[in-house]
Structures are given as structure tokens and as C-alpha cells.
1. Considering Gly98, Gly139, which residue is more than 13 Å from ligand 2 (Cβ to nearest atom) and either farther than 26 Å from Leu205 by Cβ or open to solvent by 70 Å² or more (accessible area, probe 1.4 Å) (or both)?
2. Please verify whether the stretch 35-55 includes one or more residues that are at pLDDT 80 or above and either open to solvent by less than 60 Å² (accessible area, probe 1.4 Å) or not in a loop (DSSP other than H, G, I, E, B) (or both).
3. For residues that are under 20 Å from Gly398 (Cα atoms) and assigned to a loop (DSSP other than H, G, I, E, B), scanning just the stretch 333-373, find the one that is least open to solvent (accessible area, probe 1.4 Å).
4. Just give me the residues in the stretch 406-456 being open to solvent by 90 Å² or more (accessible area, probe 1.4 Å) and under 32 Å from the mean Cα position of the chain (by Cα), in sequence order.
5. Among Asn253, Asn259, Asn163, which is the only one that is away from ligand 1 (no atom under 16 Å from the Cβ), in contact (Cβ under 8 Å) with a residue 40 or more places away in the chain, surrounded by fewer than 24 Cβ atoms within 10 Å (Cβ to Cβ) and at positive phi?
6. Which ones in the stretch 280-291 are surrounded by fewer than 22 Cβ atoms within 10 Å (Cβ to Cβ) and over 20 Å from the mean Cα position of the chain (by Cα)?
7. Going by what's in this entry, would Glu125 be described as open to solvent by 50 Å² or more (accessible area, probe 1.4 Å), in a helix (DSSP H, G or I) and out of contact with any Pro (no Cβ under 6 Å at 6 or more places or on another chain)?
8. Counting just the residues of the stretch 101-121 that are more than 15 Å from ligand 1 (Cβ to nearest atom) and over 13 Å from Ile170 (Cβ atoms), which one comes out surrounded by the most Cβ atoms within 10 Å (Cβ to Cβ)?
Amino acid sequence: MAKAKSVFFCQTCGYESSKWMGQCPGCREWNTFVEETVVSGNVGKKKAAIGKIEEPTLLSKVSSETSVRISTGIEEFDRVLGGGIVHGSMVLVGGDPGIGKSTLLLQMCLLLASKNHKVLYISGEESLQQIKIRADRLGTFEGDLLMLCETDLEIIQEVIERNKPELVVIDSIQTMCKGDVSTAPGSVSQVRESTGVFMKIAKTLGITVFIVGHVTKEGVVAGPRVLEHMVDTVLYFEGERHAVYRILRSVKNRFGSTNEIGVFEMGQKGLSEVLNPSQYLLDGRPEGASGSVVACLMEGTRPVMVEVQALVCRTNFNMARRTAAGMDYNRVNLLMAVIEKRLGMSLANWDAYVNIAGGMKLNAPALDLAVIAAVISSYKDLPMDDSTVFFGEVGLAGEVRGVSMAAQCVQEAKKLGFKRCILPKVNASSIHVSGIEVIGISDLHGLIKVLSPKNN
Ligand code: TYD
Ligand code: MG
């Protein structure tokens, strides 16, 4: 017998509770609980037909065919996926509304279709005409794409089973609705149930499924953090709405490394790849300005160079203001405390604003040294040499600690024409790159020495 019961769900993280609560114990958000009716019991649970009962299999007998990857035709996208699309996997693409998720996936579908892959694009948001207009904007492609505008899961399931495409795109999961779930599309139970259905399709029929999920203003895919652990790969498409570039970031990947990024530029003809993000992120760097420092760090498997900016000025209030854009606010406070204590600079009456130019969000410890150099440079109003790169982790004792893959960062700096690298001493000894000066420092006093005007 199916029983309907009333449950409360947190719309942010999917926490389930039998009663309403003001604050969610899961994610600490306020006022996010909404009542939903859940039908439990043996609904939808069909006994497997005799003879079809699954038996355990020996690991040695399992084929590793799933490791065969299909290229999306977009190099940056392939990199974020860990080298291409894994057959039968399930990928969630999250992002703010209007950031370009539909554009990216439609572009991928068109490229795949032109290579004779059978692709089905299901939209619950736009009409066929709207998608056609967008596709025309993206250019002309050979091959054809299967399209469906539908939100009813039963119909979608039937269409997929009948057509057996290699890849299905669901745009978006928040519009999908399953008949026997009584709540509105986009609610936690609907999103969870719908994802379950697609997961079954992906795993039993061996179809790759891409799911689009909109992010709410809290920065979590609406309702479904539930969704993140159900899928194989979670990608986020980020960027400033008004800027042209977009960053595709992998935060979970069962088939590749995380923290990998792909950089795109939104133009008149859809998204184009930015193959050298360092060059791109350093564009427009001020010359001879104090507080501007270049850092190099690893994002996934690739070194990326960014400009760290700091503005330190006298405060007009009793309490100094500190802000951090693009990096962790607490980390900035911590590094400023290290400067005060270890270098004896009094920053108590100074406001500090730290910014990673280009809108990137970074949290690698390798950024510490550059942040400290930028703060000191702005505080002393001492412009840094334009051709110097800084990277290294800074500990609470003011020591400069080693980072991983330092040699790659030095190579990248050399490639972009930098002349000098200031990095942890432990890394410096193992780096043999000609054409660039490598200076190893072991603590912040070492940094001050290299920054002094006669060396700078
Ligand atoms: P879209 O893919 O619809 O976003 P999402 O699916 O994430 O909600 O992106 C829409 C935005 O992209 C819209 O503001 C218009 C812009 N855009 C371009 O600038 N150039 C283009 O070629 C296309 C197709 C869209
Ligand atoms: Mg869309």
C-alpha cells in the first residue's frame, strides 16, 4: 500500500525533517524548510522478472569499456571532464541562470552530432523554435540532432528507450516532473526522483546523461545538493554575468581530477575556448602600480597565472576594514596578522582590500606569498618589478613553505616572458629552468630583502 506523508525539506541542501524548523541543521541556512508530500510504500517497486535477477560478477570478468572516452569537440570541456565523456556517466552542469549552460551543451551536442553520434537534447525551458534560433547563431554544423521539448518524465523515459541515443541532455532538472510525485517541479522530492530516473537510464541503458541545474543565490544548485552525490561528475559554470569570459570548474569527478578549469569567452557566436588563460587573466595589468603582484598556481593539472591586487590605505573609522574578492576572507586576515607579528608592521589603522583580478575564485595556499607581497607593496607604496612572479605557502611563524609542482609554475612564468620567480627555498633547489632567475626564500624576512628597492 502506498502511504502519503508530509515531510519538510530544506530547499538549499535537501535536509529532511518530520517537522518545520527555522534553521536547517544541515547547512545552517534560515527559513529554507518547505513542506512536501512524499508517497512511500511499494510504489514503483516492481519485482524483477524471474531469470532477470542480477547475480554478482567477478571483478576480473568486468570489462573496462567505460574508460573509452568520447571527445566533446571542445578541448577545454574535455579537460574539465578528465579527458572526454565517459560512456554511461552522469554529469551535472550547474550555474547561475543566464550564464551559458544551455549554450555550452547545445554547442557540444551539435559538435557530437556532426561526428555522427546520436544525441538527444531535451528542453523543458525553451521551445523548439527558440533552440533553433540559438543553434543558428552558433554556426552551421553537419549532422543532425534529435530535439524534444517535454517535462513529463514518463514520456521522456519512453522516448529515450525507443530512440536509444548515445547521449542525452536534460535542460533543466528543475523543470522535470514525475507524475506520481505530488509536489511542484523544482522541489526537492521532484528533483531527487527525476535524477533517480535518469540515473537508472544512464546505468542500465549505458546512455550518457548531462543534467543542467540552476544555482540559487546561495550558490548551491537549487534544492539539490542531494543531486551532487547522485551523479558521477559535477561541473560548475561560473563568471561575472557582464564579463565575456566564463570558467567551467569541476568540483567532483569520478573519472578525473577535480579543480580542473576550462576558460571560455562568450561572443556573438556562442562560446569560444580560451586556450591560454594566463595571458588572458593578466591582460590589462597596470604598469608600475604599487599593490599589484603576479602569482602562479596550479589549477588542476595546469598552471595558471593571476594578478593579485591589494590596496592598503589609512582607515577613517575605529575599526579597519578588510575585504577579499576572489579568495578566502579569513585567509587574508590571517596573512595580515602574520605580517604584523613577524615583520613588525602595524596594520591596525589601515584598511586593506585584496582582489584577484579577472574574477577568478581561488583558494590555493600557493597564493599566500603573492598576497603578502601585494599588501606590503601597497602599504609601502613601493611598486613591484613587472617581470617578477611570486608563489608559496606562508605559515603562521612567517615561514615560506613548499608547494607542489613548482617547476611547472616556473615554466609557465618563463613562457609568458617573466624574468624572475620568488618561491619557497625547498622548491628552488630542485628547479633547473634556464632563462629565468629563481630566488628561493625561507621566511618573510627573505621576502623583504628581495623587495628592498636596490634589488627591485
Ligand atoms: P544560456 O545558455 O541561455 O544560459 P543558461 O542556460 O545558463 O541559463 O545563455 C544565455 C546568455 O548568453 C544570454 O544572456 C545571451 C548570451 N549569448 C551570447 O552572448 N552569445 C550567443 O551566441 C548565445 C547563444 C548566447
Ligand atoms: Mg538555459
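The values are calculated or read from the model by the stated rules, or taken from the named source; none is laboratory data. Remember, predicted model here, so these are calculated numbers, not experimental data. Every residue, glycine as well, gets a Cβ built from its backbone with ideal geometry; the counts of neighbours run over all protein chains shown. To get the accessible areas, we keep the full protein, side chains included, count just its heavy atoms, and leave off ligands, DNA and RNA. Shrake-Rupley method; radii C 1.70, N 1.55, O 1.52, S 1.80 Å.
1. Gly139
2. Yes.
3. Leu347
4. Scanning the stretch 406-456 gives Gln411, Lys415, Lys419, Lys425, Val426.
5. Asn259
6. Correct list: Leu282, Asp283, Gly284, Arg285, Pro286, Glu287, Gly288, Ala289, Ser290.
7. For Glu125, the condition - open to solvent by 50 Å² or more (accessible area, probe 1.4 Å), in a helix (DSSP H, G or I) and out of contact with any Pro (no Cβ under 6 Å at 6 or more places or on another chain) - is not met.
8. For the stretch 101-121, the residue satisfying everything is Leu112.
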